[in-house]
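Values quoted throughout were computed directly from the atomic coordinates according to the rules given, and no laboratory measurement underlies them. Everything numeric in this text was worked out from a predicted model, so none of it was measured. All Cβ positions, glycine included, derive from the backbone under ideal geometry; neighbour counts span all protein chains shown.
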Amino acid sequence: MHLPDYKEARKRDIRPYKRIDFLENSEVKNKYQGMTFYLKTYGCQMNEHDSENIEALLVFLGFSKVDNYEDADLVLLNTCSIRENAHNKAFGMLGRLKHLKQEKKNLLVGLCGCMAQEASVVDKILRDYKWVNFVFGTHNMYQLPEIIDKAIEENKQQIEVFSREGDLIEGLPVLRVNDYKAYVNIIYGCNKFCTYCIVPYTRGRERSRLKEDVLAEVEKLVDDGYKEVTLLGQNVNAYGKDIYDDYTMADLLEDVAKMGIPRIRFTTSHPWDFTDRMIDVIAKYPNIMPSVHLPVQSGSSRILKLMGRRYTKESYLELFDKIKKKVPGVSISTDIIVGFPGETEEDFLETLDLVRRCKYDNAFTFVFSKREGTPACRLEDPVPLKEKEERLQRLNEAVNQYFLENNKKLVGCEVEVLVEGISDKKKMYYGYSDTNKLINFSSRSELTPGDLVMVKITDAKTWSLDGEACE
Ligand code: SAH
Ligand code: SF4
Ligand code: F3S
């Protein structure tokens with residue numbers, strides 16, 4: 001048994017890591033043929049992409065996928081720790097699985113992802129969820145085949161979580177959700193330690209993949225006909241810093257752009273590491289999409305300092321203006337937290353002021369959620385939840401107004417859309433524009449997911465646009 005330990009997870013020293021290729025363990029390959037699995041994913045794109053590896057590992061074991069958890073022999077939850085409601089959702093699902101397990105004695109239940117890295121969660125599982133068959137963390141996903149095999153063979157709960165990162169594993173099998181757009185990890189973990197955030201504890205310190213490994217993965221995607229790659233990391237802008245002296249995110253973006261894939265996206269960018277060269281590269285290559293996610297978190301420099309964000313309202317705005325100026329037509333989205341401990345009405349008004357100034361194209365807004373073990377958890381927090389929720393509502397009204405305002409500017413324009421499919425509700429095609437806006441549109445000719453088409457915008461809504469494909 002290996003249990004999570006925050007003391008270990010908190011260590012920030014840079015240790016050399018090895019790159020190890022995933023070795024196929026032929027003894028368990030196809031061993032569980034005939035059994036089925038249901039995988040439920042919570043959280044961010046990183047977890048979604050991990051689930052693409054997890055599915056492939058389960059298929060390697062011989063499992064096949066079902067769409068309903070009640071039909072599965074194995075239910076695996078890939079969990080998220082970012083806010084309390086992510087926790088609640090996973091525990092709610094565990095509650096349903098407990099009932100199911102009373103009827104189906106042989107049902108296997110596993111938990112992995114960020115919650116598995118939390119000592120308090122694992123304690124709870126050891127204490128109150130003895131019927132959960134196995135738990136593994138974010139650093140040892142590659143061990144899934146042997147952990148599941150052991151859980152079945154020994155018929156005993158397996159808890160295998162490492163709090164330190166260990167080596168970087170390459171060559172894990174992957175079953176991608178789409179055959180036209182793909183996620184590519186470029187950097188794992190996060191060293192920023194924003195005071196409210198649990199990610200550095202659940203995902204470890206920053207580790208960049210070798211550029212050769214990233215470029216080889218993109219090349220394969222190009223060969224397979226993929227139209228879009230999204231370069232992934234908690235802070236992609238830090239790419240390379242841990243392993244190279246003179247190769248940065250700007251260089252990687254440029255090298256990927258030169259490979260000729262039609263669309264490149266990247267997420268997430270911490271404002272601190274956003275260099276001028278990166279902006280120049282985004283502006284220079286038409287296949288790097290003019291769409292930047294630039295989380296601000298707060299418009300109050302006082303709160304930003306308490307959050308440990310390493311920029312001020314002014315320096316953020318300077319960067320924001322630079323990106324807007326140098327990248328024509330760029331859309332910028334953000335994340336905002338309201339109700340950080342000690343946030344006053346004045347601090348909140350600074351956030352509203354910044355929102356009015358930036359007129360974001362999209363924004364993900366949250367009420368601060370206490371994460372055990374993070375520094376912000378220990379700060380005094382006198383503002384009642386009700387007041388925080390009111391702030392969130394006022395903030396949402398402000399940001400929504402600009403989504404619509406920005407969208408209206410596109411009416412009459414022609415934009416390029418990557419087709420994703422036909423929506424069930426509207427019976428219209430849908431896809432995303434270069435600036436990452438959801439477009440619902442009609443087309444006289446038949447289209448398939450992965451087609452790139454020009455669409456004339458006819459109407460603007462708050463969260464989407466309507467249009468007609470140009471013939
Ligand atoms: N690495 C990304 C963020 C990943 S988490 C970045 O720094 O940009 C996604 C978002 O969740 C964050 O940007 C933040 O707005 C929100 N978030 C993180 N921790 C939170 C917490 N404790 N309470 C509320 N929101 C939180
Ligand atoms: Fe969390 Fe900050 Fe790292 Fe983003 S940059 S993952 S908010 S610690
Ligand atoms: Fe959640 Fe972990 Fe992502 S905490 S947001 S799944 S990195």
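For the stretch 414-469, what does the alpha-carbon gyration tensor say about shape, rounded, prolate or oblate, given a ≥ b ≥ c as the root eigenvalues, a/c under 1.5 as rounded, and a/b over b/c as prolate? Since a/c stays below 1.5, the shape of the stretch 414-469 is classed as rounded.
In order along the stretch 34-43, the Karplus-derived 3J(HN,Hα) couplings, from 6.51 cos²θ - 1.76 cosθ + 1.60 at θ = phi - 60°, round to x, 8, 10, 9, 10, 10, 10, 10, 10, x Hz, and Gly and Pro are given as x.
When only alpha carbons are used to place a centre, the stretch 184-254 and the stretch 363-433 end up 25 Å from one another.
Take every Cα pair under 8 Å whose residues are at least 6 apart in sequence, average their separation, divide by the length of the stretch 342-471, and the relative contact order is 21 percent. For the chain, DSSP calls about 30 percent of its internal beta bridges antiparallel.
Taking Cβ atoms as reference points and 14 Å as the exclusive limit, the residues near Glu153 contribute a net charge of -1, counting Lys and Arg as +1 and Asp and Glu as -1. Taking amide hydrogens as placed 1.01 Å from N in the peptide plane, the amide H of Cys413 sits under 5 Å from those of Ile457, each at least 5 positions away in sequence or on another chain. Amide H to amide H, with H built 1.01 Å from N, Glu170 comes under 5 Å of Ile20, Asp21, Phe22, counting only residues 5 or more places away or on other chains. Working note: Karplus 6.51/-1.76/1.60 with θ = phi - 60° gives the stretch 160-175 the couplings 10, 10, 9, 8, 9, 5, x, 7, 8, 9, 10, x, 5, x, 9, 10 Hz, where Gly and Pro are set to x. Entry note, the stretch 168-406: relative contact order of 17 percent, from Cα contacts under 8 Å with a spacing of 6+ residues.
Among the trypsin sites (Lys or Arg not before Pro) within the stretch 393-471, those in coil by DSSP and having at most 16 neighbouring Cβ atoms inside 10 Å are Lys409, Lys425, Lys426, Lys427, Arg444, Lys461.
Histogrammed with a bin width of 10 Å, the alpha carbon distances of the stretch 371-471 distribute as 14, 34, 19, 15, 14, 3, 0 percent, first bin at zero. Listed by Cβ neighbour count within 10 Å, with the fewest neighbours leading, Cys194, Cys112 appear as Cys194, Cys112.
Separation of the stretch 279-324 and the stretch 50-105, taken as the distance between their Cα centroids, equals 37 angstrom. In the chain, Cα pairs under 8 Å separated by at least six residues give a relative contact order of 11 percent. Our helix-only sum for the chain, with -39,500 (n - 2.57) per DSSP H run of n ≥ 4 divided by its residues, gives a mean residue ellipticity at 222 nm of -10500 deg cm²/dmol.
Classify the stretch 121-236 from the C-alpha gyration tensor, please: rounded if a/c falls under 1.5, else prolate or oblate depending on whether a/b exceeds b/c. The shape class here is oblate. The aspartates and glutamates within cross-link reach of Lys409, meaning a Cα-to-Cα straight distance under 18 Å and a gap of 8 or more places when in the same chain, are Asp361, Asp434, Asp459, Asp466, Glu468. Summarising the amide proton neighbourhood of Ala182: residues at separation of 5 or more, or on other chains, whose placed amide H is nearer than 5 Å comprise Glu228, Val229, Thr230. Across the stretch 338-351, computed HN-Hα scalar couplings (Karplus, 6.51 cos²θ - 1.76 cosθ + 1.60, θ = phi - 60°) run 9, x, 4, x, x, 5, 8, 4, 4, 4, 4, 4, 5, 5 Hz from first to last residue, x flagging Gly and Pro. Legend: residue pairs Lys313/Lys370; Lys104/Lys370; Lys211/Lys370; Lys89/Lys241; Lys192/Lys227; Lys181/Lys258, Cα-Cα distance threshold 27 Å; pairs beyond threshold, Lys104/Lys370; Lys211/Lys370; Lys89/Lys241; Lys192/Lys227.
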